[in-house]
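Here is the structure we will look at.
The values are calculated or read from the model by the stated rules, or taken from the named source; none is laboratory data. Predicted model only: the values in this text are computed from it and were never measured. No Cβ is skipped: glycine too gets one built from the backbone with ideal geometry, and neighbour counts run over all protein chains shown. Protein only, heavy atoms only, side chains kept; ligands, DNA and RNA dropped before computing areas. Shrake-Rupley method; radii C 1.70, N 1.55, O 1.52, S 1.80 Å.
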Amino acid sequence: VVVSDEEMRLLSEEDATLEIVTIPNIHTVSELTPGFGERNGLLFIGGFDHQPNKDAMIYFCSEILPQIVRILDGIKITIVGSNMPYEISMLQSEYVRPLGHVEDLEPVLDEARIFVAPLRYGAGMKGKVGLSMSHGLPVVGTSIAAEGFGFGDGKEMLITDSPSQFAEYTINLYRNEILWNELSKHGKNFIKNHYSPSITKNRIARLFDADTY
């Protein structure tokens with residue numbers, strides 16, 4: 001059992017006799033979510049026991065955010081995640097709001113205009129990306145953040161590994177309501193069509209050779 005079709009492909013290349021089933025991350029889509037004009041700021045979610053999340057925020061705040069605030073004065077990123085270390089807490093400024101652990105993610109997902117996923121390493125499907133899209137929150141992220149989902153740059157999310165282009169994508173998306181609405185719609189539909197409970201239950205049923213009810 002693997003969590004992405006990409007992992008299925010890699011294992012099949014190693015041993016074509018393997019019987020492999022993909023059971024991906026599962027996300028329930030929120031149908032009614034705030035629109036462009038009701039949202040402000042950037043958001044990142046990630047548990048900080050996981051080192052890639054710590055690296056991503058230090059990288060973003062040092063190399064990408066300064067480029068963004070030069071154009072979008074007053075913008076702020078909210079950082080949410082359990083076990084937040086001192087290195088992340090000390091990033092607090094007029095542009096950075098480290099919240100740490102929150103009981104309910106829905107308010108922060110509904111508040112932000114863009115989810116940023118500047119991950120530079122890691123593996124598997126990124127639950128934070130699917131969760132954001134399921135709430136109609138567009139994502140700007142790296143190729144690592146997009147791994148395993150099977151979508152392309154520019155339709156479901158904006159993908160780049162360049163710090164300057166990451167900033168450019170974020171600034172443009174933050175200002176462009178038409179593009180924002182397109183990404184919000186396409187991202188939500190993609191999750192609904194590929195990773196919702198109604199879709200993934202069929203894969204799970206096949207795994208146990210059971211009927212789907």
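Among the residues making up region 113-151, those that are without any contact (Cβ under 8 Å) to a residue 60 or more places away in the chain and in a strand (DSSP E or B) are VAL139, VAL140, GLY141. Taking the conditions (1) of a type outside the set (Val, Ile, Thr); (2) in contact (Cβ under 8 Å) with a residue 40 or more places away in the chain; (3) open to solvent by 30 Å² or more (accessible area, probe 1.4 Å) in turn, SER4 satisfies each one other than (3).
May I ask you to say which residue of GLN67, GLN92 is modelled with pLDDT of 95 or more, over 19 Å from LEU131 (Cα atoms) and touching a strand residue (DSSP E or B) at 6+ places or on another chain (Cβ under 6 Å)? After ruling out the rest, the residue left standing is GLN92. Within region 199-213, is there a residue that is surrounded by 15 or more Cβ atoms within 10 Å (Cβ to Cβ) and within 13 Å of the chain's Cα centre (by Cα)? The answer is no; no qualifying residue exists. Exactly one residue out of ILE58, ILE71 is in contact (Cβ under 8 Å) with a residue 60 or more places away in the chain and out of contact with any Pro (no Cβ under 8 Å at 6 or more places or on another chain), and it is ILE71. The number of residues in region 26-46 that are under 15 Å from MET133 (Cβ atoms) and assigned to a loop (DSSP other than H, G, I, E, B) comes to 9. Considering region 7-25, the residues that are part of a loop (DSSP other than H, G, I, E, B) and of a type in the set (S, T, N, Q) include one that is least open to solvent (accessible area, probe 1.4 Å), namely ASN25.
State which residue is most open to solvent (accessible area, probe 1.4 Å) when the search covers only region 29-54 and only residues that are touching a Lys or Arg at 6+ places or on another chain (Cβ under 9 Å) and farther than 18 Å from THR78 by Cβ. Checking each candidate, the answer is GLU31. Those residues that are among the small types (Gly, Ala, Ser) and over 21 Å from the mean Cα position of the chain (by Cα), I need them from region 69-110; list them, please. Of everything in region 69-110, those that are among the small types (Gly, Ala, Ser) and over 21 Å from the mean Cα position of the chain (by Cα) turn out to be GLY74, SER89, SER93. Within region 124-147, the set of residues being small (Gly, Ala, Ser) and either under 21 Å from LEU105 (Cβ atoms) or open to solvent by less than 20 Å² (accessible area, probe 1.4 Å) (or both) comprises GLY124, GLY127, GLY130, SER132, SER134, GLY136, GLY141, ALA145, ALA146. When region 64-98 is filtered for residues that are among the aliphatic types (A, V, I, L, M) and not in a helix (DSSP H, G or I), the ones remaining, listed by number, are ILE71, LEU72, ILE75, ILE77, ILE79, VAL80, MET84, MET90, LEU91, VAL96. Residue count for region 109-123 under the criterion of being charged (D, E, K, R) and either within 17 Å of ILE171 (Cα to Cα) or open to solvent by less than 30 Å² (accessible area, probe 1.4 Å) (or both): the result is 1.
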